[in-house]
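Notes for the one structure printed next.
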Amino acid sequence: MGFNCGIVGLPNVGKSTIFNALTKAGAASANYPFCTIDPNTGIVPVLDERQDFIIQYVKPKSVVRTTIEFVDIAGLVKGASQGEGLGNQFLTNIRQVDAVAHVVRCFEGEITHVEGSVDPLRDIEIINTELLLSDMEIIDRAVERSKKASKSGDKELLRKLEALLKLQGPVGEGTLIRQIDDFEDIIKEVPEYSFITAKPVMYVMNVGEDDLLEDNDHSKKVRELAESEGAVCVKICGKIEQEISELEEDEAKEFLADLGLERSGLTEMTEQGYKLLDLITFFTAGEKEVRAWTITKGLNAQKAAGKIHSDIERGFIRAETVGYDDFVEIKSLTKAKDFGKMRLEGKEYIVKDGDIIYFRFNV
């Protein structure tokens, strides 16, 4: 699978509750052999309504979900970049994730906040400052090294130095790397560095049960900030998610309906995680198995085939494809051909989200 999302947040914002609910949801999923790589990692199946619809009509013997890995990044407190809390260990962990889910406390209550009061924007700033300081340290060291090395006149080293200098100024002034113009092109020049503030971010607003349907003052502020940053925002009630994670599927649906919700916050989190990472899902479906596959948006059919097996990519002949909307209309893969809804696509076809594909290949 290989896609993961690090969960960060100050102490007592509900991060562990949300992480535990996520991993419990993973553990309780009947068709997924749940595994914890280490205590702070949970692999969670992505429950996709489209896959459920396909299963209903194809009636396969087995089902394989696609998954997303959540990493609980512990030890983030004020001063972490200077080694406070678990300091550097946490910074190493967070460098290895693809995206960051930032849990922000938007509820009042008995649990004392580490900073003495509930103020989500201040909390976000504390965490962003720690992440920025950590990136700044890496950039400063890299600039020093590159300056020495580029004296040789090596063009590649000079290009790297130029890219680092484009980052150094704004980061020193407190700008997150992902907010710098053309930052993607800049960091492509220095792929050996994994900058934390360049990673896409999802703000997870942890609210009380009463604020799930309507935003409270705290979550309104976070939503505005997320919009101004072009970040993704999800509202969730950690306490309720923990309760849901202990229920059977039917009971969970009933419980959500009683609260006036269509889906759980965790489902929303995994879905938004996909959007954040620019991922889409295609399906392979037959009587034996209906399986979901995760790929990066924009991948062609031959490369997508390689996700299943390198032999299929190498011997690719064609992709027999039924669009998900067409399947909803026909409800049968065998009839799709008769109705002219099965398309024969070549290796350069760009796979669309929800496509149901049968790959023909010859090795």
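Numbers at a glance
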| quantity | calculated |
| --- | --- |
| Helix-only CD estimate at 222 nm, as mean residue ellipticity for the chain, using -39500 (n - 2.57) per DSSP H run (n ≥ 4) | -13000 deg cm²/dmol |
| With every protein chain in place, the chain: carbon and sulfur % of accessible area (1.4 Å) | 48 |
| Distribution of pairwise C-alpha distances over the stretch 230-363, 10 Å bins, in % | 11, 31, 28, 21, 8, 0 |
| GNM top mover of G238, G42, G260 - the chain, alpha-carbon springs below 10 Å | G260 |
| Long-range HN-HN contacts of C233 with modeled amide H, under 5 Å | Y203 |
| Accessible area, probe 1.4 Å, largest first, for residues R105, R65 | R65, R105 |
| Lys, Arg +1 and Asp, Glu -1 on Cβ, resulting dipole of the stretch 274-363 about Cα centre, debye, nearest 20 | 120 |
| Label-to-label distance, nm, for residues given as L213 and S194 (7 Å Cα→Cβ offset) | 4.3 |
| Surface accessible to a 1.4 Å probe, per residue, for the residues of the chain, Å² | 51 |
| Exposure of K59 as accessible area (Å², to 10), given a probe of 1.4 Å and all protein chains | 140 |
| Ratio of Rg to Rh over the chain (Cα coordinates, Kirkwood Rh, two decimals) | 1.01 |
| Extension gain (nm, one decimal) between K61 and E144, 0.36 nm per residue minus Cα-Cα | 23.9 nm |
| Solvent exposure ordering (accessible area, 1.4 Å, most first) of S16, S152 | S152, S16 |
| Heavy-atom SASA rank of D325, D311 (probe 1.4 Å, accessible area, largest first) | D325, D311 |
| Computed lengthening from S228 to E184, 0.36 nm per intervening residue step minus Cα-Cα distance | 14.0 nm |
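The values are calculated or read from the model by the stated rules, or taken from the named source; none is laboratory data. Nothing here was measured: the structure is a model prediction, and the numbers come from that model. Virtual Cβ from ideal backbone geometry, glycine too; neighbours counted across all protein chains shown. Calculation scope for accessible area: heavy atoms of the full protein, side chains included, ligands and nucleic acids excluded. Shrake-Rupley method; radii C 1.70, N 1.55, O 1.52, S 1.80 Å.
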